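**Student:** I am attaching a structure below and will ask some questions about it afterwards.
The values are calculated or read from the model by the stated rules, or taken from the named source; none is laboratory data. Just so we're clear, the structure is a prediction, and the values are computed from it rather than from any experiment. Here the Cβ is made from the backbone with ideal geometry for all residues, glycine too, and neighbour counts use every protein chain on show. To get the accessible areas, we keep the full protein, side chains included, count just its heavy atoms, and leave off ligands, DNA and RNA. Shrake-Rupley method; radii C 1.70, N 1.55, O 1.52, S 1.80 Å.
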Amino acid sequence: GAVVSQHPSWVICKSGTSVKIECRSLDFQATTMFWYRQFPKQSLMLMATSNEGSKATYEQGVEKDKFLINHASLTLSTLTVTSAHPEDSSFYICSARDHSGTGELFFGEGSRLTVL
Amino acid sequence: AQSVSQHNHHVILSEAASLELGCNYSYGGTVNLFWYVQYPGQHLQLLLKYFSGDPLVKGIKGFEAEFIKSKFSFNLRKPSVQWSDTAEYFCAVEAGGATNKLIFGTGTLLAVQP
C-alpha cells in the first residue's frame, strides 16, 4: 500500500531553537496533507491542513506563527516548530490521502519531539 | 463542533474472549467512519471504514463494525481476540462534505492476555 514517511522519528532540542519535521508521500502524490499532535495517553488532535502550493489551514487554537507549515511539492510537507519550548514536546503525526487510489488516508510513523 | 467519544480507555481481555469497543460521535449530517489501530511502536493503520451502504462493515484481521445511525455509534467488534491484537484502537469521523478532516476519539488501549 501507499507509504507516508516522516523524518526525523525522534528529535531532542534545546528550548528556543527551531525544529523541522518532514512528511513525504513515497509512492503517490498528495495535494493535501494533515498534521496531528498526540499527547501521551490522548488522542490525535488535528493541527492543520497542509495544501500544496497554498497556505495551510490551521485549526482553532493552533498558532500559525509557532507551527509553520510548508507544502512546496506534491510529495513533501514540512512542519517547523519555531522557538520550541518544553510544552511543545509531543508526538507529531502527518497523514496524506491517496486520491488516485482508494482515497484512503495514510499515516506517517510519527515524530517525537522532546524540548529540553 | 464535531466530537468523537470512546468510552473504554483500557480494556483487558483473555485470548479467545469477544471484544466490543464503543464509539459515538456528534454530528447531524453525513459522516464517514473509521477505525484505526496502532500496534506498539508502529504507525496508525486502517482497520475498516464505512462510507455508505451496508452498515455492517468487515475489516482486516477479523474485525467488524456496525454503524447505527440512530445511535450515532460505530462500535468495533471481534468475536475472538488474540494476543497479537494488543494495541491502541482509535475511532475517527470525517464529517460530511469535502472536509478531508478526521476527528479522532481518545483511543482505547487493548491488552490481550495469553
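**Student:** Looking at segment B:18-41, I want the residues that are over 18 Å from B:Thr106 (Cα atoms) and have a partner that is acidic (Asp, Glu) and open to solvent by 40 Å² or more (accessible area, probe 1.4 Å) with Cβ atoms under 6 Å, at least 6 apart or on another chain. Which pairs are those?
**Tutor:** Within 6 Å, no pair qualifies.
**Student:** If you take the residues of segment B:11-53 that are part of a loop (DSSP other than H, G, I, E, B) and open to solvent by less than 50 Å² (accessible area, probe 1.4 Å), which of them is modelled with the lowest pLDDT?
**Tutor:** Filtering first and then ranking leaves B:Gly29.
**Student:** Name the single residue that is modelled with the lowest pLDDT among those in segment A:95-115 being at the interface with chain B (Cβ under 7 Å from one of its Cβ atoms) and either more than 15 Å from the chain's Cα centre (by Cα) or outside any loop (DSSP other than H, G, I, E, B) (or both).
**Tutor:** Restricting attention to segment A:95-115, the residues satisfying the condition of being at the interface with chain B (Cβ under 7 Å from one of its Cβ atoms) are A:97, A:104-105, A:107-110.
From what's left, either more than 15 Å from the chain's Cα centre (by Cα) or outside any loop (DSSP other than H, G, I, E, B) (or both): A:97, A:104-105, A:107.
Working: A:Arg97: 81, A:Glu104: 75, A:Leu105: 81, A:Phe107: 90.
Selected residue: A:Glu104.
**Student:** With the requirement that a residue be out of contact with any Asp or Glu (no Cβ under 8 Å at 6 or more places or on another chain) and at negative phi, what does segment A:94-104 give you?
**Tutor:** Of all residues in segment A:94-104, those out of contact with any Asp or Glu (no Cβ under 8 Å at 6 or more places or on another chain) come to A:94-96, A:99-103.
Matches in segment A:94-104: A:Cys94, A:Ser95, A:Ala96, A:His99, A:Ser100, A:Gly101, A:Thr102.
**Student:** On to the next question. Out of the residues in segment B:65-82 that are under 20 Å from B:Leu33 (Cα atoms) and among the polar types (S, T, N, Q), which is most open to solvent (accessible area, probe 1.4 Å)?
**Tutor:** Going through segment B:65-82, the residues under 20 Å from B:Leu33 (Cα atoms) turn out to be B:65-78.
Applying the additional criterion that residues be among the polar types (S, T, N, Q) yields B:70, B:73, B:75.
On the way: B:Ser70: 102, B:Ser73: 9, B:Asn75: 35 Å².
Looking at residues that are under 20 Å from B:Leu33 (Cα atoms) and among the polar types (S, T, N, Q), I get B:Ser70.
**Student:** Let me ask something else about it. Quick one: B:Lys61 ticks every box in (1) away from chain A (no Cβ under 14 Å); (2) closer than 24 Å to A:Pro40 by Cβ; (3) open to solvent by 60 Å² or more (accessible area, probe 1.4 Å) bar one, so which box is it?
**Tutor:** (2)
**Student:** So B:Ser80 clears everything in (1) in contact with a strand residue (DSSP E or B) (Cβ under 9 Å, 6 or more places away or on another chain); (2) away from chain A (no Cβ under 14 Å); (3) outside any loop (DSSP other than H, G, I, E, B) except one condition, right? Which one?
**Tutor:** So the condition that B:Ser80 fails would be (3).
**Student:** Would you say A:Ser54 is touching a helix residue (DSSP H, G or I) at 6+ places or on another chain (Cβ under 7 Å) and more than 10 Å from every other protein chain (Cβ to nearest Cβ)? Working first, answer last.
**Tutor:** Numbers: touching a helix residue (DSSP H, G or I) at 6+ places or on another chain (Cβ under 7 Å): no; more than 10 Å from every other protein chain (Cβ to nearest Cβ): yes.
It is false that A:Ser54 is touching a helix residue (DSSP H, G or I) at 6+ places or on another chain (Cβ under 7 Å) and more than 10 Å from every other protein chain (Cβ to nearest Cβ).
**Student:** Among the residues of segment B:54-77, write down those that are under 19 Å from B:Ser5 (Cα atoms) and either assigned to a strand (DSSP E or B) or among the small types (Gly, Ala, Ser) (or both).
**Tutor:** Across segment B:54-77, the qualifying residues are B:Glu64, B:Ala65, B:Glu66, B:Phe67, B:Ile68, B:Ser70, B:Ser73, B:Phe74, B:Asn75, B:Leu76, B:Arg77.
**Student:** Ok, one more. Got a sec? Which of A:Leu44, A:Leu68 is within 11 Å of another protein chain (Cβ to nearest Cβ), under 14 Å from the mean Cα position of the chain (by Cα) and free of Cβ contacts under 8 Å to residues at least 60 places away in the same chain? Steps first, answer last, please.
**Tutor:** On the way: A:Leu68 fails: within 11 Å of another protein chain (Cβ to nearest Cβ).
That would be A:Leu44, the only listed residue that is within 11 Å of another protein chain (Cβ to nearest Cβ), under 14 Å from the mean Cα position of the chain (by Cα) and free of Cβ contacts under 8 Å to residues at least 60 places away in the same chain.
**Student:** Also, quick follow-up: Which one is farthest from the other protein chains (Cβ to nearest Cβ) among residues in segment A:71-94 that are assigned to a loop (DSSP other than H, G, I, E, B) and open to solvent by 20 Å² or more (accessible area, probe 1.4 Å)? Give the steps one after another, and end with the answer.
**Tutor:** Step one: filter segment A:71-94 for residues assigned to a loop (DSSP other than H, G, I, E, B), giving A:74-75, A:82-85, A:89.
Within this subset, residues satisfying the condition of being open to solvent by 20 Å² or more (accessible area, probe 1.4 Å) are A:74-75, A:82-83, A:85, A:89.
On the way: A:Leu74: 15, A:Thr75: 17, A:Thr82: 24, A:Ser83: 27, A:His85: 25, A:Ser89: 19 Å.
The selected residue is A:Ser83.
**Student:** Which count do you get for residues in segment B:83-97 that are open to solvent by 20 Å² or more (accessible area, probe 1.4 Å) and not in a strand (DSSP E or B)?
**Tutor:** From segment B:83-97, those open to solvent by 20 Å² or more (accessible area, probe 1.4 Å) are B:83-84, B:86, B:88, B:96-97; that's our starting set.
Among the residues that remain, those that are also not in a strand (DSSP E or B) are: B:83-84, B:86, B:96-97.
Counting residues in segment B:83-97 that are open to solvent by 20 Å² or more (accessible area, probe 1.4 Å) and not in a strand (DSSP E or B) gives 5.
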